[in-house]
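Below is one structure, written out as structure tokens; the observations come after it.
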Amino acid sequence: MTHQVSLTMPAPSAGLTGEAVEQVGRLMDEPTWAAEARRAGWAAYERIPMPTTAVEEWRRTDLRPLRLSAVIPHAAPEYTARTLADLPVGIRDCFPLSLGEGEGCAGLVVHHNSGAVYAHLDPALAQKGVIFTDLPTALRAYPDLVRRYLFQSVAPDDDKFAALNAARWTTGTFLYVPRGVCVDTPFLATHWADIPRLGIFNRTLVVAEAGSEVTLIEQLGSPTPGSAEGQGLHVGVAESDVQAGARLRHYHFQDWGGHVWGITTQRTRLHRDATANTLHVAFGGRLTRNNIQNLLAEPGATTEMLGILFGDGRQHFDHHTLQDHQAPHTTSDLLYKGALKGRARSVFAGLIRAQRDAQRTDAIQTNRNILLGGEARADSIPTLEIEANDLRCTHAATVAPVDPEQVFYLQARGLDEDEAKRLIVDGFFAPILDRVPLAGVRERLARTIARKAISDRCRL
């Protein structure tokens, strides 16, 4: 079932200003409560200072080169795609997971620059009450349902960039799965930006009602313009509510062009006996800051948090994760891995928090990093914050270059040095890929990792 999406919206006045925020709200024809949240976001954005390296959470990530004043805040798409063939080649071909490949899609939403251009949902799922569309359309078609969950996990004043998202968002994805509905094939949402200096402000809202099961794959990408064309900006927020006994798999792929600065907050709330499997993959962008937080709010909640990054050149990746155990008998398992070469840098700051009532918590946090020559650097800061006294929490972190003995062993069997290192990289990421149940996703990840390893500008 292909349905109408929200596209034709004139560009609001340029700049990140209060006047432009008001104009966006009017153009989107949003309900009063949503407009009030937008104003609250702008007020918080103006009130909250820009993070600096004097703040501990930002000590290793410097935002001073980011020129927000130069950002183009909006560029509405000028077309509607009736079929996948109507989409630009860049959207169809330049993602880690190509459209229509792998296991197929239960539904597909495509965003181009500041708006949605295509949306499709399996008619059989629509008859069961599943909703999958762009968020502006959902806001008008299902206002009471959206209001129940939007801004509940990530408030408009959560931090500087969550506030900017709340004030400026114009596109995003809404996925709702009713009680007891299990969807075997994944939903796919893609975001493609091909205008230099454009700011993308997207918001994702996922609701998995009790006993449901669903997989959402999000892909974000853009071409790489020349350096003279200026910075791009992505400020994203994702909120997920996984209710009693439900299971959500949420895979997030980022392959922005090298000019994009991206800051994302993803917060997942798990209720009794709920399960969330999250995967964050970061390959592109000039600077990426991801805040990934899973809140185990009720007994029996379980989460697996996986992450992959591969940096080259002068890329900078900063991942802050939170495994927040708020209730007893909850389980979390985090594994993040990064490969770096050139002058790339990564920061991992992970926190396991076990609150006072979170007895019988079982939490694991592991961060592994491999340095592939050059001046690459990885900082790993695993942290525990424990208030309960009957639990098991472990953490581990490693940062190391390729083992010369492993390279020598492979060369002794006929491989040259580059081939040996690429094989080691494949083996390094294999434990994460093995945990992904979708064969198409695994294959695309493996190909993109190989592309990063052998590209001319980022040779090992």
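Throughout, read-outs are computed from the coordinates displayed, never taken from laboratory work. Everything quoted here is computed from the prediction, not taken from an experiment. Don't worry about glycine lacking a Cβ; one is built from the backbone with ideal geometry, like all the others, and counts go over all protein chains shown.
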Taking loop as defined by DSSP and a crowding limit of 15 other beta carbons within 10 Å, which GluC sites (Glu not before Pro) in region 324-404 fit? GLU375, GLU387
From the alpha carbon gyration tensor of the chain, can you work out the equivalent ellipsoid semi-axes (sqrt of 5 times each eigenvalue) and give them in Å, largest to smallest? 32, 27, 23
Neighbour counts of other C-beta atoms within 10 Å: give me SER212, SER153, SER222 arranged from fewest to most. SER153, SER212, SER222
For region 342-427, state which trypsin sites (Lys or Arg not before Pro) are in a DSSP loop and have at most 10 other beta carbons lying within 10 Å of their beta carbon. ARG356, ARG413
Using Cα pairs under 8 angstrom and six or more residues apart, how large is the relative contact order of region 18-458, in percent? 10 percent
D_trans [Stokes-Einstein, Kirkwood Rh over alpha-carbon pairs] for region 23-91, 37 °C, 0.692 mPa s, µm² s⁻¹: 202 µm²/s
When MET28, MET305 are arranged by how many other beta-carbons sit within 10 Å of their Cβ, fewest first, they go MET28, MET305
Considering all projection directions equally, how large on average is the shadow of the alpha-carbon convex hull of region 233-360, in square nanometres? 6.9 nm²
May I ask you to derive the FRET efficiency for THR52 and ASP434 from their Cβ-Cβ distance with R0 = 35 Å, giving the value to the nearest 0.05? 0.30
Based on the Cα gyration tensor of region 142-286, what are the three equivalent ellipsoid semi-axes, each the root of five times an eigenvalue, rounded to whole Å and given largest first? 29, 17, 12
Looking at the chain, do any whole DSSP H helices span at least 18 angstrom along their long axis by alpha carbon and average -0.5 or above on Kyte-Doolittle, and which? 417-433, 439-454
Work out, step by step, the length gained on full extension between LEU415 and ILE195: first 0.36 nm times the residue separation, then minus their alpha carbon distance; give nm to one decimal. 75.0 nm
Taking other Cβ within 10 Å of each residue's Cβ, how do LEU164, LEU63, LEU296 sort, fewest first? LEU63, LEU164, LEU296
